[in-house]
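This report concerns only the one structure given below.
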Amino acid sequence: MKIIVTGGAGFIGCHLSRKLVEEGNEVLVIDALHPYYSKKRKIDQLTYIGEAGTFRYEEKNLLDDEEEVQKIFLEFQADCVVHLAALPGVSYSLEAPGQYVDYDVKATVNVLKFSGESNVKHVLYASSSSVYGEQANEPLSEDMAAGKVISPYAAAKYGAEAFCHAFASMYQYDMTILRFFTVYGPWGRPDMAITKFIERILNGEEITVFGNRTSRDYTYIDDIIEGISAAIQKARGTNIINLGSSMPVSIEDLLAALAKHFPEMKIQQAGFRQGDVTSTWADTTKAKELLDYRAKVPFEEGLARTVKWAVDYYGKE
Ligand SMILES: NC(=O)c1ccc[n+]([C@@H]2O[C@H](COP(=O)([O-])OP(=O)(O)OC[C@H]3O[C@@H](n4cnc5c(N)ncnc54)[C@H](O)[C@@H]3O)[C@@H](O)[C@H]2O)c1
């Protein structure tokens, strides 16, 4: 299959692209190496994909290089597009909300339009559990998002979902909106809790914990990649599908699990951060029904693999 992965040099993108290359697909990665986090890290992530085999890479910005990207889409004639490129992160979206309109909404509109113009059959969009906003601590099913979000990042993701529906209707391609729940693992994004905590501990620094009694449906990267692969193969028509582990972990349990690896770690407690929801918990019934998806990696196992990766990676720096 010919597949375009936007944001392929990112955390989720490098794992997905590597798997697609391993499976023998013709993969085209489009990524601008945005400085939201280190360019070196993104180049290392591209190298990680390349270890699996050959793939095409275009260093282009979906916004600034609009015309060139449009030409690349028309020339490549992909069967399927997985649109992962975005400016991520809830906190930064409170500082720079306008950038999220550009990077998470306008860039998505370009991808949806270029996909339609180049006769792509299936577009998959990376949405987020943040679209559910602040809700009771219970499993969140896909119909429970009503636009009542609490951060500009989540607003942009919810808005982009609406554009996905509009363009699927205009161009009649299959449209799969995947709502990922807090993804962690090797190459984990350096601004996210687990990676940030481990990096700081390895540097002998204190970790800062925001709020208490919060919980996240931490989902191991391999499970997310299995879910995206299954969606590429099996999802038809227009669907919104949660991809999570359905096993939320409280911040207290996360810290206890980390302390088993790093008994000497030091914690500084801070207040709740604006924009962060208290809890997330995925209802994955639909993913089971449509994709035969089941998260397989237990949290302690996923954390152990992540710690091992971080010790190897940061140890070499
Ligand atoms: N990691 C998670 O827990 C999580 C949870 C929910 C949703 N998501 C979504 O999944 C997707 C991937 O997330 P990630 O954690 O891998 O983030 P990431 O930042 O590691 O990857 C995103 C990539 O997109 C690229 N990019 C951004 N804007 C671009 C543009 N205009 N043109 C070209 N490239 C651009 C960046 O350079 C980066 O490499 C994002 O859409 C994110 O919102 C992630």
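The values are calculated or read from the model by the stated rules, or taken from the named source; none is laboratory data. No experiment lies behind these values; they were computed from the predicted model shown. No Cβ is skipped: glycine too gets one built from the backbone with ideal geometry, and neighbour counts run over all protein chains shown.
What the table below lists for this structure:
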| quantity | calculated |
| --- | --- |
| Residues of the stretch 205-236 satisfying the condition of being of a type outside the set (Ser, Thr, Tyr), in a loop (DSSP other than H, G, I, E, B) and out of contact with any strand residue (DSSP E or B) (no Cβ under 6 Å at 6 or more places or on another chain) | Glu205, Gly211, Asn212, Arg213 |
| Where Tyr37 falls short, out of the listed (1) part of a helix (DSSP H, G or I); (2) within 25 Å of Tyr313 (Cα to Cα) | (1) |
| Tally, over the stretch 9-43, of residues that are over 17 Å from Ala231 (Cα atoms) and touching a residue at least 60 places away in the same chain (Cβ under 8 Å) | 8 |
| Selected residue [over 27 Å from Leu20 (Cα atoms), surrounded by 23 or more Cβ atoms within 10 Å (Cβ to Cβ) and within 12 Å of the ligand (Cβ to nearest atom)] from Ala193, Ala154 | Ala154 |
| Checklist (1) more than 10 Å from the ligand (Cβ to nearest atom); (2) modelled with pLDDT of 95 or more; (3) of a type outside the set (D, E, K, R) applied to Ala136, failing item | (2) |
| Answer residue from the stretch 1-22, given it is outside any helix (DSSP H, G or I) and surrounded by fewer than 17 Cβ atoms within 10 Å (Cβ to Cβ) and is nearest to the ligand (Cβ to nearest atom) among those | Lys2 |
| The one condition in (1) in contact with an Asp or Glu (Cβ under 9 Å, 6 or more places away or on another chain); (2) not in a loop (DSSP other than H, G, I, E, B) that Phe167 fails to fulfil | (1) |
| Set Ala304, Ala287: member being surrounded by 22 or more Cβ atoms within 10 Å (Cβ to Cβ) and small (Gly, Ala, Ser) | Ala287 |
| Subset of the stretch 23-68 that is among the aliphatic types (A, V, I, L, M) and near the ligand (Cβ under 8 Å from one of its atoms) - its residue that is surrounded by the fewest Cβ atoms within 10 Å (Cβ to Cβ) | Leu63 |
| Residue satisfying all of: in the stretch 170-190; more than 13 Å from the ligand (Cβ to nearest atom) and assigned to a loop (DSSP other than H, G, I, E, B); farthest from Gln269 (Cα to Cα) among these | Gln172 |
| Any hit, the stretch 249-258, residues being closer than 21 Å to Pro190 by Cβ, touching a Lys or Arg at 6+ places or on another chain (Cβ under 7 Å) and not in a loop (DSSP other than H, G, I, E, B) | yes |
| Of all residues making up the stretch 98-132, the number that are within 15 Å of the ligand (Cβ to nearest atom), over 17 Å from the mean Cα position of the chain (by Cα) and not β-branched (Val, Ile, Thr) | 9 |
| Count of residues meeting criterion [closer than 18 Å to Phe181 by Cα and free of Cβ contacts under 8 Å to residues at least 60 places away in the same chain] in the stretch 105-143 | 5 |
